[in-house]
Amino acid sequence: MPVMDVAAAFYASGTFWAGAGVLAAVLGTLAVVWVTFTVGFPRRRLYYGMRAAAPLLTAPPGMRSDLELRHRGTPADRKDGEHADAGDWQVLADTRVLTLELVSRGRKDIPSEA
């Protein structure tokens, strides 16, 4: 039996085309599921970075020892029953001004609720 007759008989058989149909149906189903998940669940990525950190107090060296920054404690910092008074002020050491960069590189906008 020549090879050409075997190949022709193989492609003409019903079993081959049934298997090819099942394979096409499975691949089509996988493609639909993949597209549904890709569109239905967009990637939302928020990248952040610190571009600069500069000292807040930039006075000349002779004046820096005379300067200090203080922060008054918030009500959440106080214990039950404590009242705000002059003793709530805390001296801050090594204060800095930061420049932050936020970048969204996703397919969709990030809602403010997120």
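Within the stretch 23-61, the set of residues being surrounded by 10 or more Cβ atoms within 10 Å (Cβ to Cβ), out of contact with any Leu (no Cβ under 9 Å at 6 or more places or on another chain) and in contact (Cβ under 8 Å) with a residue 24 or more places away in the chain comprises 42, 44, 45, 55. Please pick out the residue among 23, 27, 56, 67 that is aliphatic (A, V, I, L, M), within 30 Å of residue 102 (Cβ to Cβ) and either at pLDDT below 85 or not assigned by TED's automatic domain parsing to the domain that holds residue 102 (or both). Among 23, 27, 56, 67, only 56 is aliphatic (A, V, I, L, M), within 30 Å of residue 102 (Cβ to Cβ) and either at pLDDT below 85 or not assigned by TED's automatic domain parsing to the domain that holds residue 102 (or both).
Table: residues versus (1) part of a helix (DSSP H, G or I); (2) closer than 30 Å to residue 107 by Cα.
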{"position": "28", "(1), (2)": "yes, yes"}
{"position": "31", "(1), (2)": "yes, yes"}
{"position": "34", "(1), (2)": "yes, yes"}
{"position": "39", "(1), (2)": "yes, yes"}
{"position": "43", "(1), (2)": "no, yes"}
{"position": "51", "(1), (2)": "no, yes"}
{"position": "54", "(1), (2)": "no, no"}
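What number of residues in the stretch 74-109 are in a loop (DSSP other than H, G, I, E, B), modelled with pLDDT of 70 or more and touching a strand residue (DSSP E or B) at 6+ places or on another chain (Cβ under 9 Å)? Qualifying residue count, the stretch 74-109: 5.
The values are calculated or read from the model by the stated rules, or taken from the named source; none is laboratory data. This is a predicted model, so every value here is computed, not measured. Don't worry about glycine lacking a Cβ; one is built from the backbone with ideal geometry, like all the others, and counts go over all protein chains shown.
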